[in-house]
Amino acid sequence: MTDFVELWVYLSSTPLFGLTATLTVYVVASAVSQRVGLAPWANPVLWSVLVLSALLLATDVAYPTYFSGAQFIHFLLGPAVVAMAWPLWTRRAALRQNGLAFGAAALVGGVAAAGSAGLLAWWLDLPGDVVRSLIPKSMTAPVAMGVAEQIGGVPALAALAAVITGMVGGLSATYWFSWLGLRTSARDWTIRGFAIGTAAHGIGAARANQLNADAGAYAGLALGLQVLLGAVLLPWLLR
């Protein structure tokens, strides 16, 4: 028991703690998700966040101490996003054939996502900076923070809204698609992937990639289009 305590004290004060804890929790959460048939409620990202948060609170480990190790995984986020281009490259013929349709769908989806958030927040009479922070909620968190800052919002709140949006999308999308009658044909997987990537950015794309290669590829396309359109159009329209 003494050896265990000494090991814990050592790990909790070094970068190794954040790296080890993140990898261990995510691997276990992924195994559980596979065991229950990739059920939406068993989303490994959601459970990793919950378990790691509880662990940090229970052990009184400061977030900077944790992140000093987790930053090595955080760094890999960039290469992971770039790697999403490969499935699109293998489907470049379909992209050329349907490029206009994808662009129009991305624009309509982005307007619906940003507009619904902004109008609902305005209808609830929330402060102006909060309204502007919620508008870019369906863009990936780093971009949402930058856009929120440009349009007069609060970057930290925009990041929180983006993460919650991704979690909700990853958990509920399967049920919504079933309710809408989308099945498992190649066309339906394309629709599923593009829709969840538009609404729930990276977390939604990760969920789509778990289920089907086509869905994951087109979710990545939708994510990229939302980042491009949102970063260009939202500051221009709302400045």
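Quick notes on this structure:
- Subset of the range 100-126 [farther than 14 Å from Ala158 by Cβ and outside any helix (DSSP H, G or I)]: Leu124, Asp125
- Test result for Thr140, among the β-branched types (Val, Ile, Thr), touching a Lys or Arg at 6+ places or on another chain (Cβ under 9 Å) and at pLDDT below 90: no
Conditions tested, residue by residue: (1) modelled with pLDDT under 90; (2) among the polar types (S, T, N, Q); (3) buried (at least 24 other Cβ atoms within 10 Å of the Cβ).
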| site | (1), (2), (3) |
| --- | --- |
| Phe194 | no, no, yes |
| Asn209 | yes, yes, no |
| Ala215 | yes, no, yes |
| Val227 | yes, no, no |
| Ala231 | yes, no, no |
| Pro235 | yes, no, no |
| Arg239 | yes, no, no |
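- If you filter the range 78-112 down to residues that are closer than 28 Å to Leu19 by Cβ and free of Cβ contacts under 8 Å to residues at least 60 places away in the same chain, you find that the one that is farthest from the chain's Cα centre (by Cα) is Trp86.
The values are calculated or read from the model by the stated rules, or taken from the named source; none is laboratory data. Fair warning: this is a prediction, and the values are worked out from it, not measured in the lab. Note: ideal-geometry Cβ built from the backbone for every residue, glycine included; neighbour counts use all protein chains shown.
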